[in-house]
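Down below is the structure, laid out as structure tokens.
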Amino acid sequence: MAAYVIRVGCHSAQGVRPNNEDSYVDDPERQLFLVADGMGGQERGEQASGMAATIIPRVIQDRLAAHDEAGEAVRRALAEANQAIVDAGRDQPLGRRMGTTAVLAVQQQDQVYVAGLGDSRA
């Protein structure tokens, strides 16, 4: 099988909003890459995307260290991040709860696992 090289570049365009609601993780050492795009129609999108960028890599690494299968580690990481964001947004008015999309890739041995929530694409 031919060897491949992962090249990663990062750039965030703020757009028309007064604050940037994007977060990303570029971790070639752990072979984990994530983009979280805070939902601008919601309040505190930057907080939600920051939480996703903190929680998801940590949970994936913890689960892989516990010898979970990579796909299960990704699923649990997304579920834990989602629950934490929902819990953190409970004090916001109905219809204005904070949110983010997330798309990630994690390589384990000779496979790359890709997952996403929302309309961000890999």
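Here the chain is treated as a sphere whose radius is the Kirkwood value from Cα pairs; by Stokes-Einstein at 25 °C and 0.890 mPa s it diffuses with a coefficient of 164 µm²/s. For the stretch 44-83, the square roots a ≥ b ≥ c of the C-alpha gyration tensor eigenvalues yield an a/c of 1.5 or more together with a/b exceeding b/c, which makes the shape prolate.
Of all stretches in the chain that contain no GluC sites (Glu not before Pro) in a DSSP loop with at most 13 other Cβ atoms within 10 Å, the longest one is 70-122. Other residues lying with their Cβ under 12 Å from the Cβ of Ala77 contribute a combined charge of 0, Lys and Arg counting +1, Asp and Glu -1. Its DSSP H runs of at least 4 residues, each contributing -39,500 (n - 2.57), put the calculated 222 nm mean residue ellipticity of the chain at -11500 deg cm²/dmol, to the nearest 500. Among the trypsin sites (Lys or Arg not before Pro) within the stretch 24-122, those in coil by DSSP and having at most 12 neighbouring Cβ atoms inside 10 Å are Arg90, Arg96, Arg121. Under the convention that each Lys and Arg Cβ holds +1 and each Asp and Glu Cβ holds -1, the size of the dipole of the stretch 30-104 around its Cα centre is about 80 debye.
Using the Cβ of Val86 as centre and a radius below 12 Å, the other residues enclosed give a net charge of -1, where K and R count +1 and D and E count -1. Averaging the sequence gap over all C-alpha pairs within less than 8 Å and six or more residues apart, then dividing by the number of residues, gives the chain a relative contact order of 24 percent. Accessible area per residue for the chain, computed on protein heavy atoms with a 1.4 Å probe, is 62 Å².
Could you tell me what a quarter of the Cα convex hull surface of the stretch 58-122 works out to, in nm² with one decimal place? The orientation-averaged projected area of the Cα hull of the stretch 58-122 comes to 4.9 nm².
The values are calculated or read from the model by the stated rules, or taken from the named source; none is laboratory data. Note that the structure is predicted; figures quoted are calculated from it, not measured. Virtual Cβ from ideal backbone geometry, glycine too; neighbours counted across all protein chains shown. Quick note on the areas: whole protein, heavy atoms, side chains included, nothing else; ligands and nucleic acids left out. Shrake-Rupley method; radii C 1.70, N 1.55, O 1.52, S 1.80 Å.
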